[in-house]
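The values are calculated or read from the model by the stated rules, or taken from the named source; none is laboratory data. On a predicted model such as this, the values are computed, not experimentally measured, just so you know. Here the Cβ positions follow ideal geometry from the backbone for every residue, glycine too, while neighbour counts run over all protein chains shown. Heads up: the accessible areas ignore ligands, DNA and RNA and are worked out on the full protein's heavy atoms, side chains in. Shrake-Rupley method; radii C 1.70, N 1.55, O 1.52, S 1.80 Å.
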Amino acid sequence: MNFVEELRWRGMIHDIMPGTEEQLCKELTSAYVGIDPTADSLHIGHLVSVMMLKHFQRAGHRPIALVGGATGMIGDPSMKSAERNLLDETTLRHNQECIRKQLARFLDFDSAAPNAARLVNNYDWMKDYTFLNFIRDIGKHITVNYMMAKDSVRKRLAGESNTAGMSFTEFSYQLMQAYDYLFLYQHEHCRLQMGGSDQWGNITTGTELIRRKVNGEAFALTCPLITKADGGKFGKTETGNVWLDPKRTSPYAFYQFWLNVSDADAARYIRIFTPLDRPDIESLTAEHDAAPHLRPLQKRLAKEITIMVHSTQDYEAAVEASAILFGNATSDALRKLDEETLLAVFEGVPRFPVSRRELAAGIKAIDLCTEKAPVFSSKSEMRKLVQSGGVSLNREKLTDHDMHVDTNNLLNNKYLLIQRGKKNYSLLIAR
């Protein structure tokens, strides 16, 4: 497979240095992507670069994931208006190990193949490099004029709201990233660096350093920064980033994010974020165009990414959980949900605390839902809805408003789900 052609039809190339495609066609090549280690999980904003590495390995080349342990202590000024908080080594090492486990779902690190993936941390070669040696060996090869001309620096310094300027610490980031490329060029035979389009300046500083210091030839390739069709920021929800770690973003919430993207976004995202081949995607697109209300693109997109990031079991559980809220799932299906998924499914519905002690003794449903928790405005309202079959307790029709409810009815030994009509839910929490 031709790696550049693969990225091109997927819409994943923004800039590419002349000679890159020829280098990749000539021989097995190593390429790296830098990953910010400021959290112990990747989020979906990282997935474009990770998918680039995945396609690179599929094309027979050798991917390198560089965890920026040293540069993460500084913070990249690209597209930022302020410096980041600095991280200590213990936190960085913990984050690195967590990130490696997530990357292992995309990349083959452990085989004996010549293109097995590598994970490196630039802290390992920067920690003992003295400042004097760095500015003598590296700094003299790149002029201040060259560094100042880069967009990441120029835009930051020209910003109207920039009253603090840019510290030397951040200014040095460009040179440190360039040294990473030189180090990997010399020690890992790395000939290509990839990243988002905002990294073009930093990456090309690396190719220039390699040229000036060792008279070597290196290449650069960037992908577009992903946005939503409506101009909104990709990967952000009301609750923040969509993380790959299930403790930060549940598999259900992760699945729902992709399931709910717009038609225009689904058509782009399925090319960028899944390994599906071109005929499959073209077939899905035609199917979607014929019946967009069935959302085949969104369903396949959500399936592929949820399985890739989590597991088939997590995907199936997410589908089942979705049916509980939007379909005709049974009480048994509801009881299978773990607490985290249950809360994710019913995020945003009204929640009311109720006394566990009173529940243990048993309480009439009509008293529970009016006096103990204001699910209904009055007992008469509840009676009428129960008589018309419009009330459910834990997805089972309530046929008697005087039915006794106790702790045996609790989901996860803590929750009761009351449903009014088709779409109105309330969650009672025993405390």
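I'd like to know if the range 156-174 contains one or more residues that are assigned to a helix (DSSP H, G or I), crowded, with 24+ Cβ neighbours inside 10 Å and among the small types (G, A, S).
No - not one qualifying residue is present in the range 156-174.
Can you find even one residue in the range 267-275 that is surrounded by fewer than 17 Cβ atoms within 10 Å (Cβ to Cβ), out of contact with any Gly (no Cβ under 8 Å at 6 or more places or on another chain) and not aromatic (F, W, Y)?
Checking the range 267-275: at least one residue is surrounded by fewer than 17 Cβ atoms within 10 Å (Cβ to Cβ), out of contact with any Gly (no Cβ under 8 Å at 6 or more places or on another chain) and not aromatic (F, W, Y).
Hey, among the residues in the range 202-225 that are open to solvent by 20 Å² or more (accessible area, probe 1.4 Å) and in contact with a helix residue (DSSP H, G or I) (Cβ under 6 Å, 6 or more places away or on another chain), which one's nearest to D137 (Cα to Cα)?
Within the range 202-225, the match that is nearest to D137 (Cα to Cα) is K213.
Among all residue pairs at least 6 apart or on different chains, which show Cβ distances below 8 Å where the first residue, located in the range 352-368, is over 17 Å from D402 (Cβ atoms) and among the charged types (D, E, K, R) and the second is in a strand (DSSP E or B) and open to solvent by less than 40 Å² (accessible area, probe 1.4 Å)?
R356/A430
Looking at V349, V261, which one is in contact with a Ser or Thr (Cβ under 8 Å, 6 or more places away or on another chain), assigned to a loop (DSSP other than H, G, I, E, B), touching a residue at least 24 places away in the same chain (Cβ under 8 Å) and not polar (S, T, N, Q)?
V349 is the lone residue from the list that is in contact with a Ser or Thr (Cβ under 8 Å, 6 or more places away or on another chain), assigned to a loop (DSSP other than H, G, I, E, B), touching a residue at least 24 places away in the same chain (Cβ under 8 Å) and not polar (S, T, N, Q).
Cβ-Cβ below 6 Å, separation at least six or inter-chain, first residue in the range 315-337 and within 15 Å of L427 (Cβ to Cβ), second at pLDDT 85 or above and aromatic (F, W, Y): which pairs?
A321/Y252
Is it fair to say Y185 is touching a strand residue (DSSP E or B) at 6+ places or on another chain (Cβ under 9 Å), aromatic (F, W, Y), in a helix (DSSP H, G or I) and open to solvent by 20 Å² or more (accessible area, probe 1.4 Å)?
yes
Which numbered condition in (1) exposed (fewer than 14 other Cβ atoms within 10 Å of the Cβ); (2) not in a helix (DSSP H, G or I) is the only one that A360 fails?
Of the numbered conditions (1) exposed (fewer than 14 other Cβ atoms within 10 Å of the Cβ); (2) not in a helix (DSSP H, G or I), the odd one out for A360 is (2).
Yes/no matrix, rows are residues, columns are (1) at pLDDT below 95; (2) polar (S, T, N, Q); (3) under 24 Å from the mean Cα position of the chain (by Cα):
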{"residue": "M176", "(1), (2), (3)": "yes, no, no"}
{"residue": "R212", "(1), (2), (3)": "no, no, no"}
{"residue": "L221", "(1), (2), (3)": "no, no, yes"}
{"residue": "G235", "(1), (2), (3)": "yes, no, yes"}
{"residue": "S250", "(1), (2), (3)": "yes, yes, yes"}
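Looking at (1) more than 24 Å from L53 (Cα to Cα); (2) modelled with pLDDT of 95 or more; (3) not hydrophobic (A, V, I, L, M, F, W, C), which one does E160 not meet, given that it meets all the others?
Here E160 clears every test but (2).
Out of the range 317-372, which residues are small (G, A, S) and more than 15 Å from L410 (Cα to Cα)?
The answer is A317, A318, A321, S322, A323, G327, A329, A344, G348.
Please indicate, with yes or no, whether at least one residue in the range 102-119 is more than 22 Å from Y32 (Cα to Cα) and exposed (fewer than 14 other Cβ atoms within 10 Å of the Cβ).
no
Filter the range 396-431 for residues that are aliphatic (A, V, I, L, M), touching a helix residue (DSSP H, G or I) at 6+ places or on another chain (Cβ under 9 Å) and either part of a strand (DSSP E or B) or more than 18 Å from T330 (Cβ to Cβ) (or both) and give the result.
Residues satisfying the conditions are M403, V405, L411, L416, L417, I418, L427, L428, A430.
Confirm whether L368 is over 26 Å from S322 (Cα atoms) and open to solvent by less than 40 Å² (accessible area, probe 1.4 Å).
Criteria met by L368.
With respect to K140, determine if the residue is charged (D, E, K, R), outside any loop (DSSP other than H, G, I, E, B) and exposed (fewer than 12 other Cβ atoms within 10 Å of the Cβ).
The answer is yes for K140.
Give just the number: which of (1) assigned to a loop (DSSP other than H, G, I, E, B); (2) modelled with pLDDT under 95; (3) not aromatic (F, W, Y) does I13 not satisfy?
It fails just one condition, (2).
Given the criteria open to solvent by 30 Å² or more (accessible area, probe 1.4 Å), more than 30 Å from D245 (Cα to Cα) and part of a helix (DSSP H, G or I), does E340 qualify?
no
On the basis of being closer than 17 Å to R420 by Cα, β-branched (V, I, T) and either at pLDDT below 95 or open to solvent by 40 Å² or more (accessible area, probe 1.4 Å) (or both), does I324 make the cut?
Yes.
From (1) open to solvent by less than 50 Å² (accessible area, probe 1.4 Å); (2) at pLDDT 90 or above, pick out the condition that doesn't hold for S283.
Of (1) open to solvent by less than 50 Å² (accessible area, probe 1.4 Å); (2) at pLDDT 90 or above, only one is false for S283: (1).
Does A329 count as in contact with a helix residue (DSSP H, G or I) (Cβ under 6 Å, 6 or more places away or on another chain), surrounded by 15 or more Cβ atoms within 10 Å (Cβ to Cβ) and closer than 14 Å to L259 by Cβ?
No; evaluated as a whole, the condition is false for this residue.
Could you say whether any residue in the range 211-219 is hydrophobic (A, V, I, L, M, F, W, C), out of contact with any strand residue (DSSP E or B) (no Cβ under 6 Å at 6 or more places or on another chain) and part of a helix (DSSP H, G or I)?
yes
Could you tell me how many of the residues in the range 386-411 are in contact with a His (Cβ under 9 Å, 6 or more places away or on another chain) and surrounded by fewer than 17 Cβ atoms within 10 Å (Cβ to Cβ)?
1
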